[in-house]
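No value in this document is a laboratory result; all are computed from the given coordinates. What you see is a predicted model, and the numbers here were worked out from it, not measured in a lab. Every residue, glycine among them, receives a Cβ derived from its backbone with ideal geometry; neighbour counts consider all protein chains shown.
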Amino acid sequence: MTDLPVVVVGAGPIGLAAAAELRERGLTPLVFERGPKAGAAVDQWNHIRLFSRWSEVIDPAARRLLDRTGWTAPDDEAYLTGQEWVREYLTPLADALGDAVQFDTEVVGVARRGRDRVVDAGRDTEPLSVHVRRGDGTEDRVLAQAVVDASGTWGTPNPLGGEGLPALGEQAVSNVIEYRVPDLDDPAVRVQYAGKHTAIAGGGHSALNAIVALAALEKEAPGTRITWILRRGDVASTFGGGEADQLPARGALGLRAKKAVDDGLLHVVTGFRTAAVEPADQDQVALVSDAGQRVEGVDRVVVLTGFRPDLSWLSEIRLGLDPVLQAPTELAPLIDPNVHSCGTVYPHGAKELSHPEPGFYLAGMKSYGRAPTFLAMTGYEQVRSIAAAIAGDHEAAARVELILPETGVCGGAGVFDEPDADADASEGGCCGAPQPELVTLTAPGGAR
Ligand SMILES: Cc1cc2nc3c(=O)[nH]c(=O)nc-3n(C[C@H](O)[C@H](O)[C@H](O)COP(=O)(O)OP(=O)(O)OC[C@H]3O[C@@H](n4cnc5c(N)ncnc54)[C@H](O)[C@@H]3O)c2cc1C
């Protein structure tokens, strides 16, 4: 079985990093990407600037692979847009991986060869069987010694409805709803928002990005209005760690959004759990909360309420998932916004990411399930450890080779009702993670 490839699902930042890490371990990665290019999901938010420095969004093994191709890296201190992340890093990385990356190829199922999930026999001796559908409609079945699912969550945004299901009427008015941060530099998009009333739903970094962009438009286009609706009862914790954030650009984004609120550029409605979207005159809609509050006269709704994993094509393997977050059982307690609301998690790897199904791992954004605050560098450490585990180097798999930055604030998505709980948490204790040991990065064989 060890002659078989390790299939990686998705050629996003974490999938490609997994391929680089696997190759460095002497394994054969085979990446299937449903989109036409590397970073197909990142490419859809190409106008947004990353809050991490360039040096923080590149995987160490990927850098070593790229360095061997004569690649010129951007300035370590630069903050790239999504578009630049794709162009300057993910595309050359996929090129360097060559035939190991297959585009226009969607993974539509994973199973144990010859068995559905009910059969016990052979689960640790038979290979995994990966079902793919290619762009030309053909189907294939590829055997793998292990599978790393790094397919992200971008394709499955959360709905507007406060209960996690679409609000009543949400689907019927989908023409006025956008589930991404609008690119207001695109004239065709800008005209949809200029002089209009937009409701922004959500309290994460994407919502802050949308607030900053629309507040700038409001200053230029008369009649532009913004209403920011939040489930949580308090707006203060939404702005993040500000100057206490160890990622300064992330902190600065929160401060800019706060300034827009302080300057009165938007109307903030807290404690609003959307139950229904009602059509109104002139192609407008009204948002109705479960308590009967109404936000009237809305032209556009920008829903930025997070993402959830698509588990539909993993029905035939045995996953160990937390019932709350849909994240691997051992990882979930580290990232649960209900109890561990700081935007930090200690680095983790193969142990926390494994499942009852041998050789199957969730990695990257998808591994966080519904928890927010995933960072690319977390994913790079995940796949370094997973590659080591698949290669049989359990000592390296268990080692921690990264210290993650803190947000400097507590108050995750699970704490939306309890501002006092947020305040307590921000005084310190809730992120009581063990101090990881920082070790020098070394490659197998000492090449790092
Ligand atoms: C707007 C935004 C800004 C962010 N900024 C930062 C930042 O500054 N710093 C930071 O550290 N993190 C940031 N993140 C978080 C995170 O690092 C990124 O979301 C990152 O892209 C996650 O990488 P990923 O590889 O796990 O998933 P993705 O980038 O989503 O890649 C998954 C890939 O899998 C493909 N795919 C999906 N399903 C299938 C399938 N069934 N078969 C084959 N292919 C499939 C997709 O097409 C996609 O190419 C940001 C996220 C967002 C949304």
> Tally Lys and Arg at +1 and Asp and Glu at -1 over the other residues with C-beta under 12 Å from the C-beta of residue 114: what net charge comes out?
Replying inline: +2
> Taking +1 at the Cβ of each Lys and Arg and -1 at the Cβ of each Asp and Glu, which of 203, 179, 138 sits farthest along the dipole of the chain towards its positive end, judged by Cα position relative to the Cα centre?
Replying inline: 138
> Exposure proxy check: 54, 71 ranked by fewest other beta carbons within 10 Å?
Replying inline: 71, 54
> Ranked by Cβ crowding within 10 angstrom, fewest neighbours first, how are 103, 360 ordered?
Replying inline: 103, 360
> What FRET efficiency would be calculated for the residue pair residue 262, residue 99, taking the C-beta separation as r and a Förster radius of 60 Å, to the nearest 0.05?
Replying inline: 0.65
>> Please report the net charge: other residues with Cβ closer than 15 Å to the Cβ of residue 317, K and R +1, D and E -1.
In response: 0
> Taking R0 as 56 Å, what's the FRET efficiency between residue 136 and residue 236 from their Cβ-Cβ distance, rounded to 0.05?
Replying inline: 0.60
>> Give me 384, 53 sorted ascending by neighbouring Cβ count inside 10 Å, so fewest comes first.
In response: 53, 384
> Setting aside same-chain residues fewer than 8 positions from residue 219, which lysines have a Cα under 24 Å from its Cα?
Replying inline: 196, 258, 259
>> Per DSSP helix of 4 or more residues, -39500 (n - 2.57); summed, then divided by the residues of the chain. What does that give at 222 nm, rounded to the nearest 500?
In response: -6500 deg cm²/dmol
